[in-house]
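Read-outs throughout are calculated quantities, based only on the coordinates presented, and are distinct from any laboratory measurement. In this text, all values refer to a predicted model and were calculated from it rather than measured experimentally. Note: ideal-geometry Cβ built from the backbone for every residue, glycine included; neighbour counts use all protein chains shown.
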């Protein structure tokens, strides 16, 4: 199946906010079945992005969205599964919530080398400059480190060939396209109906969607996209069923509000 010619099911949720979904059945995308959900958002006006978090307690993505009065939410960055809290730098409303937990050799993890930055409700994606305190200098009300970075300034980013990148899993991502729309994207997986994608495959579909900047979020069982009107719109895999009930509890999310 030609990705560019697929007929997406499309639904307008609010001015400048559209939900698009496509199910590539059989072996029609990367010789596999795939289910992709995309929330496309025109930035500005009443549409405002924000971050939500819990420092220790974990919540399912839909609970975060409902608690914050959001119109939509996607799961965020990587977290301590046992104790809660982000393992990556997180700043919300100017307050540092979590610092980076570095690798054993005192280096950054792959998911600490890119950032989602929210300033005045607008999103942009930034790339690590190699400095030890780069994230503290990012100018934004909210900063969420995550990764790896997939696209930056309209160019593909070279990735390592680790199993994390090569294996197929459910994936979540935030991207910005060439029309300056923000895309909240989930790719379902771990099911006969949807194989999931490698990061290389995810980067390819982002390029097909004309994205200029894109970053990977925590995926796997965490992958969840929720909107106020429909509830969970993808198929979270944490209950091993093809339904909308298998949300995993997470520590933080990216949310969209209408002010």
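Of the residues 244, 93, 111, the one with the fewest other Cβ atoms within 10 Å heads the list, and the complete ranking is 93, 244, 111.
Just need the relative contact order of the chain here, percent rounded to a whole number, with Cα pairs under 8 Å and 6+ apart. Spell out each step's value before the answer.
Numbers: 680 pairs, mean separation 68.8, N = 259.
Once divided by the residue count of the chain, the mean separation gives 27 percent.
Ordering of 134-145, 3-14 by packing is 134-145, 3-14, highest average first (other Cβ atoms within 10 Å, averaged per residue).
Net length available on complete extension from residue 2 to residue 192 is 66.3 nm, with 0.36 nm assigned per residue and the Cα-Cα distance removed. Taking packing as the residue-averaged number of other Cβ atoms within 10 angstrom, the listed peptides 184-190, 172-178, 236-242 run from highest to lowest as 184-190, 172-178, 236-242.
Counting each DSSP H run of 4 or more residues in the chain as -39500 (n - 2.57), what helix-only mean residue ellipticity at 222 nm follows after dividing by all residues, to the nearest 500 deg cm²/dmol?
Details: 3 runs with 21 residues, N = 259.
Estimated from H runs of four or more residues: -2000 deg cm²/dmol.
Centroid-to-centroid, using Cα positions, the range 203-238 and the range 43-72 are 15 Å apart.
Placing pseudo-labels 7 Å out from each Cα toward the beta carbon at residue 239 and residue 82 gives an inter-label distance of 2.8 nm.
Rounded to the nearest whole angstrom, the semi-axes of the ellipsoid equivalent to the range 105-259, taken from the Cα gyration tensor as √(5λ), stand at 24, 19, 16, largest first. Based on the Kirkwood approach, the hydrodynamic radius assigned to the chain is 18.0 Å, with every pair of different Cα atoms included.
If you take the Cα centroid of the range 153-168 and the Cα centroid of the range 104-141, the two points sit 18 Å apart.
Placing R0 at 30 angstrom, the Cβ-Cβ distance between residue 210 and residue 57 gives a FRET efficiency of 0.20 after rounding to 0.05. Given in Å, the Rg to one decimal and the Dmax to the nearest whole number for the Cα atoms of the range 1-120 are 17.9, 48.
FRET efficiency for the pair residue 28 and residue 124, taken as 1/(1 + (r/R0)^6) with r the Cβ-Cβ distance and R0 = 22 Å, rounds to 0.05.
What is the calculated FRET efficiency for residue 153 to residue 109, with r their C-beta to C-beta distance and R₀ = 25 Å, to the nearest 0.05? It comes out at approximately 0.65.
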